[in-house]
Amino acid sequence: MEKTMMFIVCSTLVLLLCSAPAYAQKGKSPPSPPISITPTPAPAPAPAAEHVNLTELLSVAGPFHTFLDYLVSTKVIETLQNQANDTEEGLTLFVPKDKAFSSLKTPSLSNLTADQLKSLCLFHALPHYYSLSDFKNLSQASPIMTLAGGTYTLNFTDNSGTVLVGSGWTNTKVSSSVRSTDPVAIYQVDKVLLPEAIFGTDIPPMPAPAPSPDIVAPSADAPVADGGHAPSQPTSTPSSSYRIMSFSAWSCLVLILSGGMALFL
């Protein structure tokens, strides 16, 4: 009997020991699958801004050789390059053609000092990019400060799409667009912009317009176009004084004859 009880107890213990790992595995939750982290792609870098070479641009367009020579000799070209490529505002440049300098008689630029010549070159530039459509608003905000600073200002007028530029001494217009892509705008002007800050306010008067030629009406007795002969000129009629003298002479003669006949009668 005791052996039987011992056998039952041992069997029970063996069963319990064998079933414990199974229950433990049943109660344990299965491991979660590994989480794969997809790396976020880095944003593409912004395209680099186009570097504008003003020296090369003005050498090809134009001809603007005279103005470019002034920019290089005064080293203003370096200031313009920096404003065009290294600032957020950009640059607007007004460029006279070579003919504008050759036609400039008075005043002469040869009498300017180095500082005045540098200011004259900077006077042709605005420290901001302006498209042609922007000048309509600039006409209401004039005068506009130039890169020369101080009293070196320009006045703008939009006349039905034609941009007029005034500097006091000079009134001209924008005749064409050399470049108008942000951040650099270059516009051709017909005249050199002369500032009052250098040449003063004693502005020379505008030249008077040339008189129109007198138009001579063709005479009635001019030769005909087909080569025929002109009609002969009529004889001139006696003047009124000649007719009065003739009438007086005939009156005296009649009186004399009448008196003589009266004596005989």
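Modelled label positions at SER175 and ASN137, each set 7 Å beyond Cα in the direction of Cβ, lie 3.0 nm from each other.
For every other residue with a beta carbon closer than 14 angstrom to the beta carbon of ASN53, add +1 if it is Lys or Arg and -1 if Asp or Glu, then tell me the sum. Can you show the working numbers first?
On the way: positive: ARG179; negative: GLU50, GLU56, GLU78, ASP86.
Neighbourhood net charge equals -3.
Computed with a 1.4 Å probe over protein heavy atoms only, the accessible area of THR79 comes to about 60 Å².
Placing +1 on the Cβ of every Lys and Arg and -1 on the Cβ of every Asp and Glu, with no other charges, gives the stretch 54-199 a dipole of roughly 500 debye about its Cα centre.
With the charge dipole of the stretch 54-206 set up from +1 on Lys and Arg Cβ and -1 on Asp and Glu Cβ about the Cα centre, the Cα lying farthest toward the positive end among the listed residues HIS124, ILE186, THR170 is that of THR170.
Just need the relative contact order of the stretch 54-199 here, percent rounded to a whole number, with Cα pairs under 8 Å and 6+ apart. List each step's numbers first, then the result.
Numbers: 260 pairs, mean separation 36.0, N = 146.
With pairs under 8 Å counted, the relative contact order is 25 percent.
The trypsin sites (Lys or Arg not before Pro) of the stretch 77-123 that meet both conditions, a loop assignment by DSSP and at most 16 other Cβ atoms within 10 Å of the site Cβ, are LYS105. Net charge around GLU89, counting only other residues with Cβ within less than 15 Å of its Cβ (Lys, Arg = +1; Asp, Glu = -1)? Here the count lands on -4.
Given the Cα-Cα distance of LYS75 and THR55 and 0.36 nm per residue of separation, how much length would full extension add, in nm? Numbers along the way, then the final one.
Details: separation 20, 0.36 × 20 = 7.20 nm, distance 1.15 nm.
Length gained, LYS75 through THR55: 6.0 nm.
Sorting ILE144, ILE186 by accessible area puts them as ILE144, ILE186; the probe is 1.4 Å, largest comes first, and only protein heavy atoms count. THR157 sits among other residues whose Cβ lies under 12 Å from its own Cβ, and their net charge, with Lys and Arg +1 and Asp and Glu -1, is +1.
The values are calculated or read from the model by the stated rules, or taken from the named source; none is laboratory data. Bear in mind the structure is a predicted one, so any value in this text is a computation, not a measurement. Every residue, glycine among them, receives a Cβ derived from its backbone with ideal geometry; neighbour counts consider all protein chains shown. Please note that ligands, DNA and RNA were not included when accessible areas were found on the heavy atoms of the full protein model with its side chains. Shrake-Rupley method; radii C 1.70, N 1.55, O 1.52, S 1.80 Å.
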